[in-house]
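The values are calculated or read from the model by the stated rules, or taken from the named source; none is laboratory data. Just so it is clear, the structure is predicted and the values come from calculations on it, not from any experiment. When we count neighbours, we look across all protein chains shown, and the Cβ atoms used for this are built from the backbone with ideal geometry, even at glycine. Accessible surface is based on the protein model in full, side chains and every heavy atom, while ligands, DNA and RNA are left aside. Shrake-Rupley method; radii C 1.70, N 1.55, O 1.52, S 1.80 Å.
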Amino acid sequence: MIGAAHGLYEKLVYLADGATTVVTGGRLIDGTGAPPVDDATVVIRGDRIAAVGPAGRVPVPRDPGVRTIDARGKTVLPGLIDSHVHFTGDTGRSALERYIPANECYKAIVAAQDAMEALRAGFTTMRVLGHGAAEIVYALRKAVAEGRWPGPRLLTAGWAISQSGGHGDPHLLPHDLVVRFRPRSAFADGVEECRRLVRLNFGDGADLIKIYTSEGSLVGDRGVTRYHTNFTVEEIRAMTGEAHARGAKVATHATHPGGVRLAIEGGVDTVEHGCDLSQDPDLLKLMVDRGTFLVPTLDIYHFLVTEGEAWGVKPFGIETARRTLEGQKRYLKRALDMGVRVALGTDCGLFGHGGSAREFAHFVSCGFSPMEALVAGTQTAAAALGLERQLGTLTVGKRGELLVTDADPLSDIASLQRPEHIRWILKTTAQLT
C-alpha cells in the first residue's frame, strides 16, 4: 500500500482556480462515443475545459505559469466513474466478521487506503451505496473534498433502507441488535416511516438514497432465494418522491424481475444488479420508456465465482453467482441496443478496491465494443449520478478531470486494469453545482 501511495502522488495533479493546464499531443477519447481524435489539445482554465480539439484548431496559451502536459504517444480520456461501491473498511473473510460492529477506527483507516487505491486506478468519482459504515463514508467524503486525503469524489447514500426482515438484515444477529447497529442498512415499514427515514438520511448529509426492492444474499450463511420482493409500490413512491423533491436520485438493489419491476413502477432512477432479465423483454422496454439506468455489477459476480470460496462464500452463493453472470451475458448487449442506459458499477468494497476497471473487460465479454464499455464508465455513469452537466465527457464547459495513459484501451481494454499505465490523473476538489 505504501508503494501504491507513492505511485499515486507522482501522477496526481489537482486543478486549481486561476491556473491553466494544457494537455497536448494525445489521442483523445472524449467519452461521448465519438471516434478518437489524434494529436488533440485540451485547455483547462481553473478546473473547467475551455477548449478541446485537434492541434491547430485549438490555440495553446503561452502565458507564464501555464502547466503543459505532453501526451504524445498516449491516450487522454475522462476520469472514470464507478456507480456502485462500498467503503466499509471490512477485511474479515466471514459474514459475521464483516457485520459485527467493532474496530470502527481500524475500518476507517482501511477505507481511506481503499479510496487512495481507487484513485490510483483512475477512478475520480464513485457512488457509495450504503451497506453500513455511513459515518466512515461521511468522514472520508469530507477529507477528500477538502484535499486532505487523495481519493475519488464520493457521493454517498448514507444508510441504505430496508424493510424489516428484508435484504438489509444479514440474519446473523438478533433483530434488536441489527436495528441498533445497522450493519447493512436502516429499517422502515409503511409509507410514513419510509418517508421519515429518507428525510433523516438527507439530514445526516446523504447525496442520494439507496433502497432494497428484492432480497437474498450470496455471501451470508443462509440459503438464498431471488424471489422475494421488498417494500410496496406505495412505500417506494414515498421514498422516491421525497428524494426527487430535493433533486436527488434513488438507487435500488434488485436481483429478480419482480423487484426490478416494482422499483421502476415506484420511480427509482437506477437498478443495481438486475440479474437475468433475458426472459422479460417487456421489462427492458419499460426501463427504456422510463429512462431507468441499469448498473449490472458484473465484477462482483465474477469475483464470487472465481475467488468466493477463499473468502468463505458458501457453495450456494458461488453457484447462484455463476448462474447470474451467465444470465447477464445473455441479455446485456441486447438491453444496450434496445436503448437501456447501462452504467458501470462494480459493487466493490466488500472485497477490496483498485480493480474497478475489470468491469470494462466484463462489458466487452458481453458483446459491448470497447468504446461502448468506455462510455458506460464515463458519460452514462455521470448521467446515472446526475452529474452529466459536470463530468463524464471531455467537452467544453465540463470539469477537466481526465487521465493520460500510455496504453490504448480501444485496442486493449484490459490495459485499464493496470494502473502503472496511467501517467497523469487530473482532478478537482471543487464543489459540483
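Values computed for the structure shown
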| item | result |
| --- | --- |
| Between segment 4-80 and segment 302-328, the Cα center-to-center distance that results, in Å | 40 |
| Accessible area per residue, Å², the chain with all protein chains present, probe 1.4 Å | 38 |
| Vicinal HN-Hα couplings computed from phi for segment 311-322 (Karplus, 6.51 cos²θ - 1.76 cosθ + 1.60; Hz; Gly/Pro x) | 9, x, 6, 6, x, 5, x, 5, 5, 5, 4, 4 |
| Whole-number percent relative contact order across the chain, with pairs defined as alpha carbons under 8 Å at least 6 apart | 20 |
| Per-residue SASA entry for ASP299, accessible area with 1.4 Å probe, Å² rounded to 10 | 10 |
| Protein accessible area in segment 363-409, 1.4 Å probe - carbon and sulfur % | 52 |
| Sequence of ARG323, ARG195 from largest to smallest accessible area, 1.4 Å probe | ARG323, ARG195 |
| Net charge dipole size for segment 350-433 [Lys, Arg +1 and Asp, Glu -1 on Cβ; Debye, nearest 20] | 300 |
| Packing rank of 123-133, 243-253, 63-73, where each peptide gets the mean count of other beta carbons within 10 Å, highest leading | 123-133, 243-253, 63-73 |
| For semi-axes √(5λ) of the Cα gyration tensor in Å, calculated from these coordinates, the label among [x] 78, 21, 17; [y] 35, 23, 21; [z] 62, 34, 26 | [y] |
| Gyration tensor verdict on segment 10-55 (Cα atoms; rounded if a/c is under 1.5, prolate if a/b is larger than b/c, oblate otherwise) | prolate |
| Fraction of beta bridges assigned by DSSP in the chain that are antiparallel (%, nearest 5) | 40 |
| Highest to lowest packing among 281-288, 50-57, 421-428, 196-203, scored as the average C-beta count within 10 Å | 421-428, 196-203, 281-288, 50-57 |
| Share of carbon and sulfur in the accessible heavy-atom surface of segment 244-327 [1.4 Å probe, %] | 48 |
